[in-house]
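The structure appears below as structure tokens.
Rule-based calculations on the coordinates, nothing more; no lab input. Keep in mind it's a predicted model, so treat the numbers as computed, not measured. Reconstructed Cβ throughout: ideal geometry from the backbone, glycine too, with neighbour counts over all protein chains shown.
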């Protein structure tokens, strides 16, 4: 008998990201995936070239919600943003945009609904995304 590899109980980040993008679409929020990384490519003469895209610390999703810039970092459950990602969230917030992180689509939906109800979203002292205020 051959043992089958089982899918992990915790979803991969790509699965959470896919669910978050679908949730945003269903809520009418214009958003798209923002890739960051690097790749080695061959040029027309057969040489190699190293190309970077995006900047370190960029968040996974960018978009617009109710006329304001929006960026969201997505993590799989149990993981947290990097220091560069937290810095990016604070920078966006300081410029009047909306930035936060989630590890599931249900929390994302609650945050978007809260924003639309007049709440603000901030990163608290523990590093968690929290809604404040509202109507």
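What are the residues in the stretch 67-81 that are under 21 Å from residue 115 (Cβ atoms), in contact with a strand residue (DSSP E or B) (Cβ under 9 Å, 6 or more places away or on another chain) and either surrounded by fewer than 20 Cβ atoms within 10 Å (Cβ to Cβ) or free of Cβ contacts under 8 Å to residues at least 60 places away in the same chain (or both), if any?
68, 69, 70, 71, 72, 73, 75, 81
Which pairs do you get when a residue that is at negative phi and in contact (Cβ under 8 Å) with a residue 40 or more places away in the chain, found in the stretch 108-135, comes within reach of a residue that is crowded, with 17+ Cβ neighbours inside 10 Å and not in a strand (DSSP E or B), reach meaning Cβ atoms under 7 angstrom, with the pair 6+ apart or on two chains?
Close Cβ pairs satisfying both conditions: 108/20; 108/23; 109/23; 112/29.
When you go through (1) surrounded by fewer than 16 Cβ atoms within 10 Å (Cβ to Cβ); (2) under 13 Å from the mean Cα position of the chain (by Cα) one by one for residue 94, which number turns out not to apply?
Only one criterion is unmet by residue 94, namely (2).
With under 26 Å from residue 11 (Cα atoms), in contact with a strand residue (DSSP E or B) (Cβ under 8 Å, 6 or more places away or on another chain) and in contact (Cβ under 8 Å) with a residue 12 or more places away in the chain as the only criterion, which of 96, 54 stands out?
54
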